Amino acid sequence: MKQQVTITVNGTTHTNEVEPRLLLVHYLRDVLDLTGTHVGCDTSQCGACTIEMNGSAVKSCTVLAVQADGAEITTIEGLAKGGELHPIQEGFWEMHGLQCGFCTPGMIMTSVNLLKNNPHPTEAEIRHGLEGNLCRCTGYQNIVKAIQYAADKMSAEPAAAGDD
Amino acid sequence: MVASSPFGSSIKRREDPRLITGAGHYTDDVRLPGMLSMAILRSPHAHARIVNIDTSAAKAMPGVVAIYTGADLVDLVAPVPCAWQPKNSDIKVPEYRPLAVDTVRYVGDGVAAVVAENRYMAEDAAAAINVQYDTLPVVVHQLDAMKDGAPQLYDSVPNNVAFHFHLEGGDVDAAFQKADLTFKQRLVNQRLIPNAMETRGAVASYQRGSNELTLWCTTQNPHIVRFLMSLCTNIPETQIRVLSQDIGGGFGSKIAMQAGEMIASVISKDLLRPIKWMEDRSENYVSTTHGRDHVDDVEVAAMKDGRVVGLKVTAYANMGAYLSTAAPGVPTWLFTVTQSGAYDIPNVASDVYGVLTNTTATDAYRGAGRPEATYLIERVMDLVAKKLNLDPTEVRRKNFIPSDAFPYSIASGAIAYDSGDYDKTLDRALEMIDYAALRKEQEQARAEGRLFGVGFSTYIEVCGLAPSAAAGAMGFGGGLYESAVVRVHPTGKVTVLTGINPQGQGEGTTFAQLLNGELGVPVEDIEIVWGDTDRIPMGWGTYGSRSTAVGGSALVFAARKVRDKMMKIGAHLLEVSPEEVVFDQGSVHVKGAPDQVKSFGEIALAAYTAWNMPEGVTPGLDESYFFDPVSNTFPFGAHVCVVEIDKDSGKADVRRYVAVDDVGNVINPMIVDGQIHGGIAQGLAQAVLETAVYDDNGQLLSGTMMDYAIPKASSFPNYELDRTVTPCPFNPMGLKGVGEAGTIASTPAIMNAIVDALSPLGVEHFDMPASPQRIWQLVHEQKGN
Amino acid sequence: MKITGKHTINAPRDQVWGRLIDPDSIAACLPGVETLDKVGDDEYSMAMNIGIGMVKGTYTGKVRLSNMNEPTDYQMYVEGSGRPGFIKGTGTVRLADGENSTTDIEYNGDVEVGGPVGAVAQRMLGGVANRMVGQFFGCVESKITGE
C-alpha cells in the first residue's frame, strides 16, 4: 500500500514510505516535522501552505506527497541562508507585514516567487500576485510595503536575492 | 535601547523573527509521544432526533482507539457553559452538551468523537459511523423563530426567545411627541464568519500520577479556559495548565469555550493518552462561533436643525442553537451602551431579543455589539441629514458631545465616556480628504451620470470594560481587571508575566516599550510571557481592545513597585536615604550627583544576594499588580470613505479611505497603524463582501473559503491614516485601545458612501452586504422603472 | 436549493408516463444508480454513486413515487446518505401533450445536501441536479424511441 518517495527539502534529501493519499503539507509537517508550513483551509483558497517546489510556488495542501517524488522543495524554514534573513523576510519584519503570523510563511513563499517572476512589480501587480493568499490581520497594506521593500533591496543588491 | 518615553517609537516587533522563519509554535505544532488524533462527527441535519448511533463498523477500522458518543460523555463532562448572563433579562440558558445526546440542533452539532492513531484514520472512522436521524422542522431566521407555531428548539425556551433585555434613559415618548421629524428604519447586520486563519483546536494531555491536565489550545483567554474547564470537568484548577503561545488570529472567535477542547480533555483523562483535535476549515465554519446577525428596528426623533432627541431600538439577535460563553453580553450590554455613539442623545430606549435558531451559535466577533451599534447610529445620522437636506457632517457636529462635557454619562446612566474631542478628529479628516473639493468632484461625477459617494463615520468605541464591579452588575461571570508580574532577575534581565493573551496585536513589543519607559531596562533584556496559567497570575485575556489599557496599566503599576523597591535598595547601597535619590534611565543616583550611582544590574544583584538590605526590606525584586480601572475608556475617530460604483458590474470601488483615530497615547505607531489597517479591511469586508448564508433547511451554503468572500490583497486600496491624542484619564499612561476601532468605524463609513452614491437613484437606505450582485440589481431595477 | 426545468420527449404521453414510473427505467436512467429494489408500493431502496464537485461517494436510501395522477403528474421523493453526507430531494413532475405527439415535461423540486458534501458542494448542486435530471429524461427518451 505504502509508496516510497525521495524528496529534497531545504537541501536535505529524505526517503520515506508514505500512504498514497498523504498530502504534501502533512508530509512536511508530520513526517519531516517542518511545522512552519501551515494549513488554513481545505480548499486551496488561503495559501498558508505555500512552498516552493521545483522553482514554482505551490500550495502543498493540493499536492500529494507521492506527486512530489524527486522534487526539490524549499519551505519557510529553508529560506534564510546562514542565519541571514531573505530580503522578503526582512521586508515583512521592517514593514510590519504580519500580526498573528499564521499566513506569513505562505505569504512569504508566494512573495519570493512573485519577485522571481517580476523583480520590479507595481503595487497593483503585487496585490494581484497575492490573490491566492489570505491574511485576516493586516489588511494587506503592510504586506504590499514589505514586498516593495524587498524588491528595492533585491534590485539594489542582486547577489543578496538568495534564490539559488 | 533606552528610551525615556514609552510613547511614539515604531520599533520592529520582537515577535517576528520566529514567525517569519517558520519557528512559530501554534497549537497544531504541538507533538507529544503517544499522541492520538480526534475527529468529531457532526450532524448533517439542522434539527433532528438521534434515533440510533452504530459505531461497530467504525470501531473495527484500523488505527481506531475509541469512539465516544454524547451519552458516553454525560458523566465525564458538564454542558458547555454560558458565562455572561445579563441580569434582569429573564435569561433562559438551554443545556448545550459537548456532544449531542438526543437531539441535534444545528448543522455541525457534535454527535461522536473518534480517537485514532492519526487524523486520516480518525476521519475515515468518523465517516463509517452510522447515525439514524429523525429529522425535525427547522427554523433559521430569528424573526421566523419568534413567531407562534415556529419550530421549537427547547421546551424550556418558549418561542425560542432566550432573553429580553431592556435599557432606557430620559423620556423617549415625550421626545417623539415634541420632535419635528420622526421616522423608522429597519437595519440588517448580516451574519459573519470570523475566519481566524488558524482554526480552533487543542492538544490535551492528562498525566497519570500527577493527575494534571495540560491543555494547549488556541484561545484569547487561557485563564478563563482553565476556570471553566475546572468547573466542567471537576479537575481542580491546581491540576490544569492551559498553554497558548502563538495564536493564529482570534477576532473574538477564540473567547468562547469550545466543545472540542472539553471533549479532548476528558477523553485524554479517560484514555490517559494525549489527544489532538484541530478543526479543518469546513468544520470551523460550522463549529466555531459566528458573529453579528441582527435585525434592528430603529425609530428616530429629530428636530429641524438636525438634533436627534430620541432613539428607540428594537433588536433581534440570532444567537444560534445555544448560548455561547459570552454571547448574551454582545447584543445586550455591548450593543446598547454604545448606541448613542458620539452624540448627546438625551432620550433612548432599547429592547433586545436574543433568539435561538437552528444555526451555529453566534458570539463576539471583532467589535462585538459595538459595530452593530455604530452602524445603527451612523446610518441614523445620515438618514437625518438626508431627510432634512443637511450635510452629514453638519448633523454630526450638531449632535456631538462637546469636548468640555466629559466625563459624559449616557442617557441611561449605564456608562460614562472618559474623554473625547470629536470635532477635532472630524476637522482633521475633512482637511485630509479636502471635503469642499471632494463634493465638487462628486457634483461633476453626478453630472456625468456616475455613481460617486462620500460616507462618514464619526464613531466611538468602548474598551477596557471596567471596573470589575460593573462587570458583575452586567452579569459577566468574571472580573475585568488584569494582572502583571515584573520579575527582575539577578543579572538585571526582566521577565514580565501578563494575563492578557495576544493573537498578533504586538504586546510582546509594546509591553517591553512600556516597561522600558518605566524602568529604563533595554527592550532586548525584557521577556514578555503570556499564555501559561501555571506561570501567570489570574488574568482575563485579550478581547474588547482591553489589553494595553488594562494589562499595560497593570504592568506599569507592577513596574512602579519594583522601581520604589530599587530606590530603597539603591539609596541604602549609596548610604543615603530613599528621599535623596532619583531613579533615572534605569539607575539610581543621588539627587544632584549623577556620579554617585548604582546601576540597574548592581541593585538587582544586591536584591537577590541580600547581603546588605535596608532595614525592613525583603530580598528579591519580583512584584505583581492587579489593575482594576475605575471606568471604561472610549477611543473615537472620524473615517471618510469615497466610493464609486460601476453601473455595469455593480461593484463599489473604494477610491479613498481616510481615517483619523484617537486611541489615547500611542506606544508604537507602526503597530497601531497595523491594527487600524486590518480593522478597516475587516469592516469594509462586512459591508461589501462577507455574508454567511443558510438555506431554509439550515444548511450553511457559504461553507468554505470558496463561497465566503474574505477580502484579498486587491479588494481595497491603501488607507490614509492620522491621529489625534486625547489621553484616557483613568489609567496611568492615558491609554485607550485600538484593536477594534477600524472594524467598528469602517462598515458604516462605506455603507454611508454607497448610499450617498446611490442617492441619485432615490435610495435612502441599502442593506449589507452591498455586493456587486445586489447593487447591480438595484441599479437595473431603477433603470427599468 | 430549488431546481426547475422543462424537457420535451419525442413520444406520446402515455408511453412517457409508463417509463417514468417504471422501476427498471429509473434504475437504468437515473445516473449513478447501482441497485434499485422494490420495498413497497411505489417505494424502492436504492444505492447511488454521485459526484458533486470534488466529493464523490455512494449514497444508500430510497425513492418514493406518490400522488400519482396518471398521466398528468406525480411526486417523487429521493433520499440517500453515505460517507460524504446526505442528499434529499422532493419534486413534482408534470406531463402535458406537446406538439406532434411529443410530451412536455415540467419539473420543479427542492434538493438539500448536508454533511461534508454540503460544506464544499453547495454551489455545484444546482448544476449537478439539473444535469442529472436532463440525463434522466434524455435516457428515458432514448429508451422509448429506441424500442
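Overview of values
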quantity	calculated
Three principal axis lengths of region C:2-145 [C-alpha, angstrom, descending]	46, 31, 25
Cross-link reach list, aspartates and glutamates versus A:K153, counting only Cα pairs under 15 Å and skipping chain neighbours closer than eight places	A:E84, A:E90, A:E94, A:D163
Dimensionless Rg ratio for the protein assembly as shown, taking C-alpha atoms and the 2.2 N^0.38 Å reference	0.99
Surface per residue (accessible, 1.4 Å probe) for region A:3-78, Å²	37
Integer Hz, Karplus 6.51/-1.76/1.60 couplings in order for region B:23-40, x for Gly and Pro	9, x, 10, 8, 4, 5, 8, 6, 10, 10, x, x, 5, 9, 10, 10, 10, 9
Candidate lysines - alpha carbon under 19 Å from A:K59, same-chain residues fewer than 8 apart omitted	A:K116, B:K712
Carbon and sulfur %, accessible surface of region C:2-145 computed with the full protein complex present, 1.4 Å	46
Sequence ranges A:132-144, B:753-765, B:612-624, ranked by mean other-Cβ count within 10 angstrom, highest first	A:132-144, B:753-765, B:612-624
Region B:228-299-region B:641-720 distance, computed between alpha-carbon centres (Å)	27
Order by protection proxy (mean Cβ within 10 Å, highest first), peptides B:586-596, B:556-566	B:556-566, B:586-596
Interface residues, region A:113-141 - accessible area loss of 50 Å² or more versus chain alone, probe 1.4 Å	A:R127, A:E131, A:L134, A:R136, A:Y140, A:Q141
In the B-A interface, the accessible area buried, summed over both sides, Å² (probe 1.4 Å)	4400
Accessible surface of chain B [probe 1.4 Å, protein heavy atoms]: carbon and sulfur percent	49
1.4 Å probe, heavy atoms, protein only - residues of region A:39-68 losing at least 50 Å² accessible area vs chain alone	A:D42, A:T43, A:Q45
Within 10 Å of each Cβ in C:108-117, the average number of Cβ atoms from other chains	5
Two-site FRET efficiency, B:V617 against B:A593, from Cβ-Cβ distance with R₀ of 30 Å, rounded to 0.05	0.85
Region A:87-155, dipole about Cα centre (Lys/Arg Cβ +1, Asp/Glu Cβ -1), debye to the nearest 20	100
Dipole magnitude of region A:3-78, debye to nearest 20 (Cβ charges: Lys/Arg +1, Asp/Glu -1, about Cα centre)	160
Out-of-range pairs (alpha-carbon distance over 31 Å; input C:K2/C:K56; B:K147/B:K178; B:K493/B:K591; B:K92/B:K736)	B:K147/B:K178; B:K92/B:K736
Solvent-accessible ranking of C:Y77, B:Y68, largest area first, probe 1.4 Å	C:Y77, B:Y68
Residue-averaged 222 nm ellipticity for the protein assembly as shown, from DSSP H runs of 4+ at -39500 (n - 2.57), nearest 500	-8500 deg cm²/dmol
Mean Cα-pair separation over length for chain B, i.e. relative contact order, pairs under 8 Å, 6 or more apart, %	16
Chain C - percent relative contact order, Cα under 8 Å, separation 6 or more	31
List of region B:260-290 residues, accessible area with partners at least 20 Å² below that of the chain alone (1.4 Å probe)	B:R281, B:S282
Accessible area of region A:3-78 belonging to carbon and sulfur atoms, whole % at 1.4 Å probe	44
Backbone N within region C:57-94 under 17 Å of label point (7 Å from B:N52 Cα along the Cβ vector)	C:60-62, C:81-82
Packing-based order for B:304-312, B:635-643, using average beta carbon neighbours within 10 Å, highest first	B:635-643, B:304-312
Interchain or long-range residues, amide H under 5 Å from B:L36's placed H	B:I275, B:K276
Local electrostatic count at C:I87 - Lys and Arg +1, Asp and Glu -1, tallied over other residues with Cβ under 9 Å	-1
Normalised contact order of region A:87-155, rounded percent, pairs of Cα under 8 Å and 6 or more residues apart	56
Derived scalar couplings ³J(HN,Hα) [region A:125-133; Karplus, 6.51 cos²θ - 1.76 cosθ + 1.60; whole Hz; x for Gly, Pro]	5, 5, 4, 5, x, 9, 3, x, 10
Accessible area buried between chains C and B, both sides summed, probe 1.4 Å, in Å² to nearest 100	1200
Shielding by partners, peptide C:123-136 (average Cβ within 10 angstrom, other chains)	1
Region A:87-155 - Rg over Rh from alpha carbon coordinates, Kirkwood radius	0.91
Inter-chain Cβ neighbour average for residues B:667-676, partner chain, 10 Å	3
Two-site label geometry, B:D180 and B:A23: point separation in nm, points 7 Å out along Cα→Cβ	6.7
Hz values of 3J(HN,Hα) by residue in region A:41-53 - Karplus curve (6.51, -1.76, 1.60), Gly and Pro given as x	8, 10, 10, 6, 8, 8, x, 4, 9, 5, 9, 9, 10
Listed residue (A:H128, A:G106, A:S155) projecting farthest to the positive dipole end of region A:87-155, Cβ model	A:G106
Residue-normalised accessible area of region C:2-145, expressed per residue, 1.4 Å probe, Å²	46
Per residue accessible area in Å² of chain B, where ligands, DNA and RNA are left out and the probe is 1.4 Å	32
Nearest-20 debye value, chain B charge dipole, Cβ charges on Lys, Arg, Asp, Glu	300
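The values are calculated or read from the model by the stated rules, or taken from the named source; none is laboratory data. Only a predicted model underlies this, so the values are computations on that prediction, with no experimental measurement involved. Cβ atoms come from the backbone with ideal geometry, glycine included; neighbour counts cover every protein chain shown. For the accessible areas, the whole protein counts, side chains as well, though only heavy atoms, and no ligand, DNA or RNA atoms are used. Shrake-Rupley method; radii C 1.70, N 1.55, O 1.52, S 1.80 Å.
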